[in-house]
1. Every residue in region 47-82 that is among the charged types (D, E, K, R), assigned to a helix (DSSP H, G or I) and without any contact (Cβ under 8 Å) to a residue 40 or more places away in the chain, please.
2. Could you tell me whether any residue of region 51-68 is loosely packed, with under 13 Cβ neighbours inside 10 Å and closer than 13 Å to residue 87 by Cβ?
3. Going by the structure shown, is residue 15 surrounded by 15 or more Cβ atoms within 10 Å (Cβ to Cβ) and in contact with a Lys or Arg (Cβ under 6 Å, 6 or more places away or on another chain)?
4. Determine whether residue 37 is part of a helix (DSSP H, G or I), out of contact with any helix residue (DSSP H, G or I) (no Cβ under 7 Å at 6 or more places or on another chain), closer than 17 Å to residue 5 by Cα and touching a residue at least 12 places away in the same chain (Cβ under 8 Å).
5. Consider residue 92 carefully, then state whether it is exposed (fewer than 12 other Cβ atoms within 10 Å of the Cβ) and modelled with pLDDT of 95 or more.
Amino acid sequence: MSLRDLSGRLADQALRERVQFVIHDRLADDLDQDECRYIMRLWWQLSMRYTEVTLEQLREHVHEPKLTAIEELIAAIRSAPADVEAWIDTAENDFPIIFDHGVYASLGLDDRRDDQHPGLEGASGG
């Protein structure tokens, strides 16, 4: 199923950015590169009118419980802005901020303990 309609259904740019923030920071975990790649394609799809990703691709590459959250997001976008706001609240409660392994690796850091890395407080979501 095409998701090309999603970009035009979000109420405004601010809501789009909030949804993209949740997708990026709470769903796109770089520990699973394949899953992350397809979740980020959804992130792009929210701004593009061409096909970046299909629902079938998401179902093939994204695992539970993230897949259910994404399907709920799609339904919310196609429903009403209030439903999208409710999805954001639920996703922020259900999914912690993801530890960005790529950022830590690029900085030469090898663990998640913020107390050992001044200036990176909260980067691991913990």
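1. To start, the set of residues in region 47-82 that are among the charged types (D, E, K, R) comprises 49, 52, 56, 59-60, 64, 66, 71-72, 78.
Restricting the remaining residues to those that are assigned to a helix (DSSP H, G or I) gives 56, 59-60, 66, 71-72.
Across region 47-82, the qualifying residues are 59, 60, 66, 71, 72.
2. Quick first cut of region 51-68, residues loosely packed, with under 13 Cβ neighbours inside 10 Å only: 51, 56, 60, 63-65, 68.
With closer than 13 Å to residue 87 by Cβ added as a condition, the list becomes 68.
Among the residues of region 51-68, at least one is loosely packed, with under 13 Cβ neighbours inside 10 Å and closer than 13 Å to residue 87 by Cβ, which makes the answer yes.
3. Numbers: surrounded by 15 or more Cβ atoms within 10 Å (Cβ to Cβ): yes; in contact with a Lys or Arg (Cβ under 6 Å, 6 or more places away or on another chain): no.
No.
4. Numbers: part of a helix (DSSP H, G or I): yes; out of contact with any helix residue (DSSP H, G or I) (no Cβ under 7 Å at 6 or more places or on another chain): yes; closer than 17 Å to residue 5 by Cα: no; touching a residue at least 12 places away in the same chain (Cβ under 8 Å): yes.
Against the criterion (part of a helix (DSSP H, G or I), out of contact with any helix residue (DSSP H, G or I) (no Cβ under 7 Å at 6 or more places or on another chain), closer than 17 Å to residue 5 by Cα and touching a residue at least 12 places away in the same chain (Cβ under 8 Å)), residue 37 does not qualify.
5. Details: exposed (fewer than 12 other Cβ atoms within 10 Å of the Cβ): no; modelled with pLDDT of 95 or more: yes.
Against the criterion (exposed (fewer than 12 other Cβ atoms within 10 Å of the Cβ) and modelled with pLDDT of 95 or more), residue 92 does not qualify.
The values are calculated or read from the model by the stated rules, or taken from the named source; none is laboratory data. Predicted model only: the values in this text are computed from it and were never measured. Virtual Cβ from ideal backbone geometry, glycine too; neighbours counted across all protein chains shown.
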